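Student: This is the structure I want to talk about, given as structure tokens.
The values are calculated or read from the model by the stated rules, or taken from the named source; none is laboratory data. Keep in mind that what you see is a predicted model, and the values were worked out from it rather than measured. Note that we place each Cβ from the backbone using ideal geometry, even for glycine, and neighbour counts take in every protein chain shown.
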């Protein structure tokens, strides 16, 4: 029904643009192949990576302010006093009379105190002080709630 007859590819005439475009595309394709997009040659196995050797890393350094001996002694004393105060307040709690949710506070206080002592042993005095302060605040709240 079409007024044009379909021509096989071999009989089709090329336009001027197609005559220029086809060789240009062939030339670009040839340049890409010669440049070697692939890094390895066909049939050649990819190179194996060398063995990975991990050196033992040093423990991470803690960022702590550099202080003199006098200030260090003062910070240690403040942290120890805070820990002692939290422990004294904690001892005043009658754990037998506590409700279930209040008993969870007891384990939290004990955890804070344990971590405060650990921080004190590694000379992280500000951390020790802060943890002991948290333990003291919780212990004081628990003492007040039990009364």
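Student: Please verify whether residue 126 is in contact (Cβ under 8 Å) with a residue 60 or more places away in the chain and in a helix (DSSP H, G or I), treating the condition exactly as stated.
Tutor: yes
Student: Ok, one more. Quickly run through the range 90-99 and pick out the residues that are more than 12 Å from residue 110 (Cα to Cα) and in contact (Cβ under 8 Å) with a residue 12 or more places away in the chain. Quick ask: steps written out before the conclusion?
Tutor: Initial filter on the range 90-99 (more than 12 Å from residue 110 (Cα to Cα)): 92-99.
Hits for the range 90-99 are 92, 93, 94, 97, 98.
Student: Same structure, new question: Just to be sure, is residue 49 touching a helix residue (DSSP H, G or I) at 6+ places or on another chain (Cβ under 9 Å), assigned to a loop (DSSP other than H, G, I, E, B), modelled with pLDDT under 85 and loosely packed, with under 12 Cβ neighbours inside 10 Å?
Tutor: Considered against the rule, which asks whether it is touching a helix residue (DSSP H, G or I) at 6+ places or on another chain (Cβ under 9 Å), assigned to a loop (DSSP other than H, G, I, E, B), modelled with pLDDT under 85 and loosely packed, with under 12 Cβ neighbours inside 10 Å, residue 49 comes out as no.
Yes/no per residue for (1) modelled with pLDDT of 85 or more; (2) assigned to a loop (DSSP other than H, G, I, E, B):
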{"residue": "11", "(1), (2)": "no, yes"}
{"residue": "22", "(1), (2)": "no, no"}
{"residue": "27", "(1), (2)": "no, no"}
{"residue": "31", "(1), (2)": "no, no"}
{"residue": "41", "(1), (2)": "no, yes"}
{"residue": "84", "(1), (2)": "yes, no"}
{"residue": "103", "(1), (2)": "yes, no"}
